[in-house]
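Engineer: Below are the structure tokens for one structure; questions will follow.
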Amino acid sequence: MKKFFVIFSFSLLTVNLFAMDYPLTITKANKAYTDGLYTNALELYRQVLKDGYESADLYYNIGNVYYKMNDFTSAILFYERAKKLNPGNEDIEYNLKVANSKIADKIEPIPDMFYRRWYASLTRQFSVDAWAKAGIIGFALTLVLVAFYVISRILFIRKLGFWLGIILFFLSVFCFLFAYQNFRNLRNQTEAIIFAPTVTIKSSPDDKSIDLFVLHEGTKVQLLDQIGIWFEIKIANGSIGWLPSSSLERI
Amino acid sequence: MSIKGITVLLVLTFFTRWSGSAQDIEFTGTAKPEVVIGETFTLTYTMNAQGQQFKGPAINNFNLLSGPNTSTTSSIRSVNGRTSMSIIYTFVYLIQAVKEGTFEIPKASVTVDHKVYQSNSLTIKVVRNSGGGQSQNQPQVQNSYPPSGGSRQNPGSVQAGSNDVFLKAFISNASPLQGEGIVITYKIYTKVPIQQITINKISSFPGFWSQSLSKENEKFTQYNQTIDGQQYVVADIRKIALFPLKSGKLIVDPLEVQCVAQIKRQSKQKTGDPFFDDFFNDPFFNNSMASVEKSLKSNPVIINVRPLPTNDKPSDFSGAVGVFSFKTELDKTRLNANEPLNLKCTVTGEGNIQLIDKMNVTFPPDFDSYDPKVTSDIKTTANGISGSQTFEYLVIPRKPGKFSIKPITFSYYDLTKKKYISLASPEYSIEVDKGNGEQSVVTYSGQAKEDIKYIGSDIHFIKNQPMQLHLTGSLFFGSLPFYLLILIPLLLFILLVAYWKQQVARHSNATLMRNKKATKVAKRRLKKAHDSLKANKEEVFYEDISQALWGYLSDKFSIPLSELSMDSVSEALINKNVREEIIDQFKSTLNNTEFARFAPGEKSMMMEKIYNEALNVISNNERELR
């Protein structure tokens, strides 16, 4: 039993243990950014990325560097990546909005049904892991309350334990549901940013097909389907078309 | 000029006083009698007196290129040992023959002392090019005139070839930095006397900002220079400061100048007098001269402008190159609202100072600021441009408060230190008092509140606090710890509940046993009491009865013995849902037991009664529970 606990606590810690070498690099990069040496900052941040680490803040900082270097397309890509890991963050939302105001395409999004909007905004309030942790805490509390219900002889405590337990149980189930929702969004790279300066959207996955409309770099698209090198995409206003994968970068 | 020469001139001037006026007035027109189509030639009218109202001929069949150009020559003449000085006026036309044929140029007229004189008319034959045509640039020798009294000549030249007079451009630096000032000097080199230098075409300076350094109507400075053994008189005719505005190869177009050169002809006048021979054979006098119109063109100049270094270039650098100093002055630091405030920035130094057209001044947003008044005090010297450029800003603070004007920076490329230099003013803090406040109401009548003014927009700053990095793609959700954290509490919970259940089960078994055994125990005790009754042991009997009753209650209803007393027993039994009848029975039996102990009377009778009563209540209760 003891041995098991040692392994368990170690596996919890490992996630952070390996990242311990990087605060120095990050500090250096932050300093370079503050001093206006954006190329240096970018190099340092990308080094951390290359070594296999990520975080919403790291993506956000890289986005800022690109913004300062006037590469708004890359900035948007990294802000979107940061947003995926930490959907509710205000700074990310704000900077993404600013960067989006710098790109060529202006698309009027079609409004979603209100309940879907609410559900989506509730889901995006926290990251996958935040929801997951909330779920675990809720679940543990549920167990404690149920234990009270089972063990206590006092009627009031038994009642309290029962009802609170039921409420907490449902809350934690919802937390897990939201976590899963975010998890699925994160794992399935269903969104991409256009990186080609100008790209013509075709009616079918074929060069000879009819041109539908033109998009410019920095625009976010949703990926629906893939045939060979062609992607079927959907933009915020609902238009659908095909474009070659070379003009995209997945978020 | 030697002392001898000066003396001679003085003497000659004295003589001419009386001889000049005695002359007859001659007014003659001359031109080549035969020209080739396309040839440019001169038509010259000369007069030996000061004339007015020159009326040139109507030139119809020729192309008039320029003219009349007027020139004056003072001339000294020596005839048979007698010298006289006279003035000769020359009117020169430059014309071109355009068609074949013989044409007459009509008479020209001039007024001298209210008298009109007419020249001769000229006949010019224009022929087709017969192969023997003269080149345009070759000097055209005209009628001979008395020797010129102009500047001293260089001896030895026969004809005005291209080497006699030429124009050359010099630059002080062929590869300046962008913005570095260079001076271009046009020099005329001549071996023959020249007059009437007119600039036909001023060089254009594409890619440069230019400033002329020579003043208008300034006399040319002359000096001698020997080139390839030949002595030339050199004059700087134009000097221009140039500031390249871009880098790369820049070409300065040639300057074109027209002048009249006086060319010596080889003819000598012998007087026979050895003194005068010597004297007048001196080249100063002894040349018959011809006036030749000459176009001169300078060499084009290629300037290779080097770009300024890009590293360490300050962000506020706006192109100032040279050596500068920078000064700012604020007239007051404490004032009332709506009072004007003056800020003066002065850049002083040497370089492209006139190209400095703005300062990086940011006033607090609540200040009304106006465009600066720019005054420049520029001195052009032969070596370039220096001076100062002053920017005067007028600002009016509208609101009271404490404000600061951020340091005003001025950056330039220092040519001597070869690096960028940034100069900054101190930061000025300004205290604006409320003043009488009346004016403020007037200026902002009606609206007391203002919207927040957004001065700029930018993205939010990076996250600077230590960040939690994790392996790319690794998430807590779905990981082993995640599942463990769900499963372990669940497991603990199950174990806990199971343990609890077990404990409860064990406990309830014990009571059940006691419950089951309660009647037996009670019966045993009663039997014991019955034995004591038989043996007439009063004390032991009551003890046994009491124990049997209390023990039975405790065991049967799972009430600890300690909780049982005479007072609390009924309450405890009510809680256990025991019928009241039975409770009363129990109570009365217990009471009777206690009472009977100390009651007087027949002992054995009482004991018998109590025994039966206890037996009854227990069996009644047993029957009830069944």
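The values are calculated or read from the model by the stated rules, or taken from the named source; none is laboratory data. Note that the structure is predicted; figures quoted are calculated from it, not measured. For neighbour counting, all protein chains shown are included, and Cβ atoms are generated from backbone atoms with ideal geometry for every residue, glycine included.
The rows are residues; the columns are (1) under 28 Å from A:Lys102 (Cα atoms); (2) modelled with pLDDT under 90.
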residue	(1), (2)
A:Gln189	yes, yes
A:Pro197	yes, yes
A:Asp207	no, yes
A:Pro244	yes, no
A:Glu249	yes, yes
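Engineer: Filter region B:525-545 for residues that are surrounded by 16 or more Cβ atoms within 10 Å (Cβ to Cβ) and of a type outside the set (D, E, K, R) and give the result.
Structural biologist: First pass over region B:525-545, keeping only residues surrounded by 16 or more Cβ atoms within 10 Å (Cβ to Cβ): B:525-526, B:528-530, B:532-533, B:538, B:541-545.
Matches in region B:525-545: B:Leu526, B:Ala529, B:His530, B:Ser532, B:Leu533, B:Phe541, B:Tyr542, B:Ile545.
Engineer: Right, another one. When you go through A:Ser74, A:Ser55, A:Ser11 one by one, which is the residue that is closer than 29 Å to A:Ser247 by Cβ, modelled with pLDDT under 90 and surrounded by 13 or more Cβ atoms within 10 Å (Cβ to Cβ)?
Structural biologist: On the way: A:Ser74 fails: modelled with pLDDT under 90; A:Ser11 fails: closer than 29 Å to A:Ser247 by Cβ.
Within the list A:Ser74, A:Ser55, A:Ser11, the selection yields A:Ser55.
Engineer: Residues of region A:233-248 being assigned to a strand (DSSP E or B) and crowded, with 19+ Cβ neighbours inside 10 Å, which ones? Give the derivation first.
Structural biologist: First pass over region A:233-248, keeping only residues assigned to a strand (DSSP E or B): A:233-234, A:240-244, A:248.
Hits for region A:233-248 are A:Ile233, A:Gly241, A:Trp242, A:Leu243, A:Leu248.
Engineer: Moving on. For a quick check of your reading of the model, give me the residue pairs whose first member lies in region B:331-347 and is more than 19 Å from B:Phe410 (Cα to Cα) and in the same structural domain as B:Glu427 (by TED's automatic domain parsing), whose second is modelled with pLDDT under 85 and β-branched (Val, Ile, Thr), with beta-carbon atoms closer than 7 Å and at least 6 apart or on different chains.
Structural biologist: B:Asn338/B:Thr443
Engineer: Collect the residues in region A:94-122 that are of a type in the set (Lys, Arg), within 14 Å of chain B (Cβ to nearest Cβ) and not in a loop (DSSP other than H, G, I, E, B), keeping them in residue-number order. Spell out the reasoning first.
Structural biologist: Initial filter on region A:94-122 (of a type in the set (Lys, Arg)): A:97, A:102, A:106, A:116-117.
Then keep just the ones that are within 14 Å of chain B (Cβ to nearest Cβ); that gives A:97, A:102.
Selection gives A:Lys97 alone.
Engineer: Is there a residue being more than 30 Å from A:Lys97 (Cα to Cα), touching a helix residue (DSSP H, G or I) at 6+ places or on another chain (Cβ under 6 Å), of a type in the set (A, V, I, L, M, F, W, C) and facing chain A (nearest Cβ under 7 Å) anywhere in region B:498-518?
Structural biologist: Looking for residues that are more than 30 Å from A:Lys97 (Cα to Cα), touching a helix residue (DSSP H, G or I) at 6+ places or on another chain (Cβ under 6 Å), of a type in the set (A, V, I, L, M, F, W, C) and facing chain A (nearest Cβ under 7 Å), one finds at least one in region B:498-518, hence yes.
Engineer: Go through region B:476-492 and give me each residue that's within 60 Å of the chain's Cα centre (by Cα), in a helix (DSSP H, G or I) and more than 7 Å from every other protein chain (Cβ to nearest Cβ). Step through it out loud before you land on a result.
Structural biologist: Step one: of region B:476-492, the residues within 60 Å of the chain's Cα centre (by Cα) are B:476-483, B:485.
Subset that is in a helix (DSSP H, G or I): B:480-483, B:485.
Across region B:476-492, the qualifying residue is only B:Tyr483.
Engineer: Further question on the same structure: Would region A:154-175 turn up any residue that is in contact with an Asp or Glu (Cβ under 8 Å, 6 or more places away or on another chain), outside any strand (DSSP E or B) and in contact (Cβ under 8 Å) with a residue 40 or more places away in the chain? Please lay out each step first, then the result.
Structural biologist: Residues of region A:154-175 in contact with an Asp or Glu (Cβ under 8 Å, 6 or more places away or on another chain): none.
No - not one qualifying residue is present in region A:154-175.
Engineer: Given (1) more than 12 Å from B:Ala614 (Cα to Cα); (2) among the small types (Gly, Ala, Ser); (3) modelled with pLDDT of 80 or more, where does B:Ser546 come up short, assuming only one miss?
Structural biologist: Exception for B:Ser546: condition (1).
Engineer: Just a yes or no: is a residue in region B:510-521 assigned to a helix (DSSP H, G or I), within 24 Å of B:Tyr611 (Cβ to Cβ) and modelled with pLDDT of 80 or more?
Structural biologist: Within region B:510-521, one or more residues are assigned to a helix (DSSP H, G or I), within 24 Å of B:Tyr611 (Cβ to Cβ) and modelled with pLDDT of 80 or more.
Engineer: Against the definition (within 16 Å of A:Lys220 (Cβ to Cβ), part of a helix (DSSP H, G or I) and modelled with pLDDT under 90), how does A:Lys28 come out, yes or no?
Structural biologist: Values: within 16 Å of A:Lys220 (Cβ to Cβ): no; part of a helix (DSSP H, G or I): yes; modelled with pLDDT under 90: yes.
Taking the combined requirement at face value, the residue does not satisfy it.
Engineer: Among the residues of region A:123-156, count how many are more than 8 Å from every other protein chain (Cβ to nearest Cβ), of a type in the set (A, V, I, L, M) and within 17 Å of the chain's Cα centre (by Cα).
Structural biologist: The qualifying residues number 1.
Engineer: A follow-up question, please. When you check B:Lys463 against the structure, is it within 7 Å of chain A (Cβ to nearest Cβ) and of a type in the set (Lys, Arg), yes or no? Walk me through it before giving the result.
Structural biologist: Values: within 7 Å of chain A (Cβ to nearest Cβ): yes; of a type in the set (Lys, Arg): yes.
Taking the combined requirement at face value, the residue satisfies it.
Engineer: Mind listing just one residue for me: the one in region A:186-204 that is under 18 Å from A:Arg124 (Cβ atoms) and more than 12 Å from every other protein chain (Cβ to nearest Cβ) and, of those, surrounded by the fewest Cβ atoms within 10 Å (Cβ to Cβ)? Give the derivation first.
Structural biologist: Initial filter on region A:186-204 (under 18 Å from A:Arg124 (Cβ atoms)): A:186-191.
Narrowing the set further to residues that are more than 12 Å from every other protein chain (Cβ to nearest Cβ) leaves A:188, A:190-191.
Numbers: A:Asn188: 9, A:Thr190: 14, A:Glu191: 17.
So the residue we want is A:Asn188.
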